[in-house]
Amino acid sequence: FPSHDIRVKENIERVGMHFRNGLPIYEFNYKGIPNRRFRGVMAQDVEKVYPDAVIETHDGIKAVNYDMLGMEMVEV
């Protein structure tokens, strides 16, 4: 369950929608790691449509189970 909470990301840019599940897809970097960009979803979006695919960690940060969405996060 990688962390996909919007609160741990920055430089977020919406780049499209997933062709199968209709979720918005974003490119972003994690706060404190500016030199690596990723493409994936925001937990807050996923939670609205697939609440079972999101968990909340002990510190309140949301994480996404990509396997349940039929997709994966990639580094770009």
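The values are calculated or read from the model by the stated rules, or taken from the named source; none is laboratory data. Keep in mind it's a predicted model, so treat the numbers as computed, not measured. We place every Cβ from the backbone using ideal geometry, glycine too, and count neighbours over all the protein chains shown. To get the accessible areas, we keep the full protein, side chains included, count just its heavy atoms, and leave off ligands, DNA and RNA. Shrake-Rupley method; radii C 1.70, N 1.55, O 1.52, S 1.80 Å.
In a DSSP loop and with at most 11 other Cβ atoms within 10 Å, the trypsin sites (Lys or Arg not before Pro) in the chain are Arg20, Lys31, Arg36. Checking every one of the GluC sites (Glu not before Pro) in the chain against DSSP loop status and a limit of 13 other Cβ atoms within 10 Å picks out Glu72. Put a dot 7 Å past the Cα of Val74, heading toward its Cβ, do the same for Glu13, and the two dots end up 1.6 nm apart. Averaged per residue, the stretch 5-61 has 62 square angstrom of accessible surface, using a 1.4 angstrom probe with ligands and nucleic acids left out. Only DSSP H runs of four or more residues enter the estimate; each adds -39500 (n - 2.57), and after division by the residues of the chain the mean residue ellipticity at 222 nm equals -2500 deg cm²/dmol. Counting only protein heavy atoms and a 1.4 Å probe, tell me what percentage of the stretch 21-63's accessible area is made up of carbon and sulfur. Of all accessible area on the stretch 21-63, carbon and sulfur atoms account for 52 percent.
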